[in-house]
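> First the structure, then my questions, so here it is.
The values are calculated or read from the model by the stated rules, or taken from the named source; none is laboratory data. None of the values given here were measured: they were computed from a predicted structure. Don't worry about glycine lacking a Cβ; one is built from the backbone with ideal geometry, like all the others, and counts go over all protein chains shown.
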Amino acid sequence: MLPFVLVLLAAQSAFGAPSTASVSFYNVNEIPSVPDNGGLVNSFLISGPLDYIDGGDISLYAQMAIQILSDKANSADPVSKASAVIEAIAALGEISHGIPGDSCEAAALSNAFAYSVGSGNNGGLRQAIANYVSHLSSNIDAISQLIVNPNAVRYSAGPRGNCLGGGRSYSFDDTWDAIINSASAGRAALLNEEYCVAKRMYNSFNVKSNTFGAALTASNIPQITQLAQYTVQPLAQFLRTVASGANPLREAAAAKAALAQGISKIQLNP
């Protein structure tokens, strides 16, 4: 987190007379975290785990995406809530390592999904889903280390893959067109906001932004949203344990098992 937070106590109106503005400095530890409202999914599950990441290392667009995930977690729509949970795990895992890894699995899933929508041939989609879910399991392990042994991830590099540009180039627009077209009207507003932020991160020169954006894109694909709904309880419990600062290894194992079991329930043509 940043070492201090600036709080503007007085401001000058654009149309008014000049006035004196004072700034007070507060240590970030004095600023309370978002409270847990007791629901299975709420914004505490998004903001709490991020307390273990240096906020100064998170790009502006990633910060905007995190706020959108918090809004999804607080929404009344159960699909949006479940999606926020799996997206948080995907994105937090990408920024846990001191040196970002590649986005090969996310990029491959986006390409396979876009191809299946355009051609009607989903032959490679299920394997791409399985590979991405395996990557999500690795993310769960990385997030767990933020609590158990933070230096293990601070001084580590994210996983490397063997794909073009490390997964920084994929069928972004075709994927998002299909995501938004398949979503309900109630989910469209936040998905459109998320698309705009993800587009910025896709085009960024910053690798962490690229991997974060790829994680958001892949995790919004309808088949992954299905998986999120099947697994929301153990995934949410894992994030809640991480947010509380307790050892999450037991919850991590349960979350990974749920993801592995959920793959067979996914309908390729929902």
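> Does ILE95 count as surrounded by 21 or more Cβ atoms within 10 Å (Cβ to Cβ), within 15 Å of the chain's Cα centre (by Cα), farther than 16 Å from LEU216 by Cβ and in the same structural domain as ALA215 (by TED's automatic domain parsing)?
On the way: surrounded by 21 or more Cβ atoms within 10 Å (Cβ to Cβ): yes; within 15 Å of the chain's Cα centre (by Cα): yes; farther than 16 Å from LEU216 by Cβ: no; in the same structural domain as ALA215 (by TED's automatic domain parsing): yes.
Against the criterion (surrounded by 21 or more Cβ atoms within 10 Å (Cβ to Cβ), within 15 Å of the chain's Cα centre (by Cα), farther than 16 Å from LEU216 by Cβ and in the same structural domain as ALA215 (by TED's automatic domain parsing)), ILE95 does not qualify.
> Tell me, which helices (runs of 4 or more DSSP H) lie completely within segment 86-186 with 1 or more residues that are modelled with pLDDT of 95 or more and over 24 Å from LEU60 (Cα atoms)?
Numbers: elements: 104-119, 125-148, 150-154, 172-182.
In segment 86-186, the matching helices (runs of 4 or more DSSP H) lie at 104-119, 125-148, 172-182.
> Hey, does segment 103-114 have a residue that's buried (at least 24 other Cβ atoms within 10 Å of the Cβ) and either closer than 24 Å to ASN149 by Cβ or not assigned by TED's automatic domain parsing to the domain that holds LEU239 (or both)?
No; the residues of segment 103-114 include none that is buried (at least 24 other Cβ atoms within 10 Å of the Cβ) and either closer than 24 Å to ASN149 by Cβ or not assigned by TED's automatic domain parsing to the domain that holds LEU239 (or both).
> Mind counting the residues in segment 229-261 that are touching a residue at least 60 places away in the same chain (Cβ under 8 Å) and either buried (at least 19 other Cβ atoms within 10 Å of the Cβ) or not in a helix (DSSP H, G or I) (or both)?
Initially, segment 229-261 is screened for residues touching a residue at least 60 places away in the same chain (Cβ under 8 Å), giving 229, 231-233, 235-236, 238-240, 242-249, 252, 255-256, 259-260.
Remaining after also requiring either buried (at least 19 other Cβ atoms within 10 Å of the Cβ) or not in a helix (DSSP H, G or I) (or both): 231-232, 235-236, 238-240, 242-243, 245-248, 252, 255-256, 259.
Number satisfying all stated conditions: 17.
> Just the residues that are surrounded by fewer than 17 Cβ atoms within 10 Å (Cβ to Cβ) and either in a helix (DSSP H, G or I) or not hydrophobic (A, V, I, L, M, F, W, C) (or both), please, taken from segment 201-228. Outline the logic, then answer.
Our first condition is that a residue be surrounded by fewer than 17 Cβ atoms within 10 Å (Cβ to Cβ); within segment 201-228, this holds for 203, 205-206.
Correct list: ASN203, ASN206.
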